[in-house]
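Values in this text are rule-based calculations from the coordinates and carry no lab data. What you see is a predicted model, and the numbers here were worked out from it, not measured in a lab. Note that each Cβ is placed from the backbone with ideal geometry, even for glycine, and that neighbours are counted across all protein chains shown.
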Amino acid sequence: MGAATGVRRLTEDELRRVLAHVAQAGFDPAPTARAGGRLAGLSWRGHTLKGNDRLISAEVHYLRHVVAKAEWPCGTTFDEYLASVRAAIPDARNGVLTSKYQGAWQLAILCRSGNLRGPDGFDWILVDYRVGFGHWVTVFQPASGLLELQSPRRSDLRWLRRPQ
């Protein structure tokens, strides 16, 4: 927590190891996320989703941001979505910051979307990793770009590395 609060600055090697850990952490694998109204009616794994269907968090985010919102290129598969995020996280050009989101400590990685930008995508990919949870809590391309970080739900923002 010293790096999050500014008490101690991470070395480049420490930051590289943290990002490697975050890249492998992925979303929570438990099927606890509700499909919700935004995904109701989509076809997934051979059936039409209802709002109360339980999915793993990675599936909800894939369906929401890749399939429904077309933030990633058309035809991106579930496995390609996850692999693209895992590959993007360690890039030394990414911005990395700590903050509290609704009171919980998070590590956020901001990557340029580049070739991962879909027809309705945006310039940046935001990965939020909840420290106390040990998993990604969201991965998406924010329409507001870096302004997404100014959300009133986010506080105590501290850059570990600014994006290039």
For the range 65-131, Rg(Cα) over 2.2 N^0.38 Å is 1.15
Subtracting the Cα-Cα distance of SER144 and ALA20 from 0.36 nm times their residue separation yields 42.0 nm
With label points set 7 Å from each Cα along the Cα-to-Cβ direction at THR11 and ARG34, the distance between them in nm comes to 4.8
Zone reached by a paramagnetic label modelled 7 Å from THR77 Cα along Cα→Cβ, restricted to the range 40-66 with backbone N below 17 Å, covers 44-46, 59, 62-63, 66
By the C-alpha gyration tensor axes a ≥ b ≥ c (rounded if a/c is under 1.5, else prolate when a/b exceeds b/c, else oblate), the shape of the range 1-156 is prolate
Per the rule of 0.36 nm per residue minus the C-alpha distance, extending PHE133 to LYS100 adds in nm 10.6 nm
Quick shape check on the range 1-77: root eigenvalues a ≥ b ≥ c of the Cα gyration tensor, a/c under 1.5 is rounded, otherwise prolate if a/b tops b/c, else oblate, and it reads prolate
One would report the antiparallel percent of DSSP beta bridges in the chain, rounded to the nearest 5, as 95
Relative contact order in percent for the range 83-164 (Cα pairs under 8 Å, 6+ apart) equals 36
Once normalised by the length of the chain, the mean sequence separation of its alpha carbon contacts under 8 Å that are 6 or more apart gives a contact order in percent of 23
With R₀ set to 22 angstrom, the calculated FRET efficiency between the beta-carbons of ASP91 and THR48, to the nearest 0.05, is 0.05
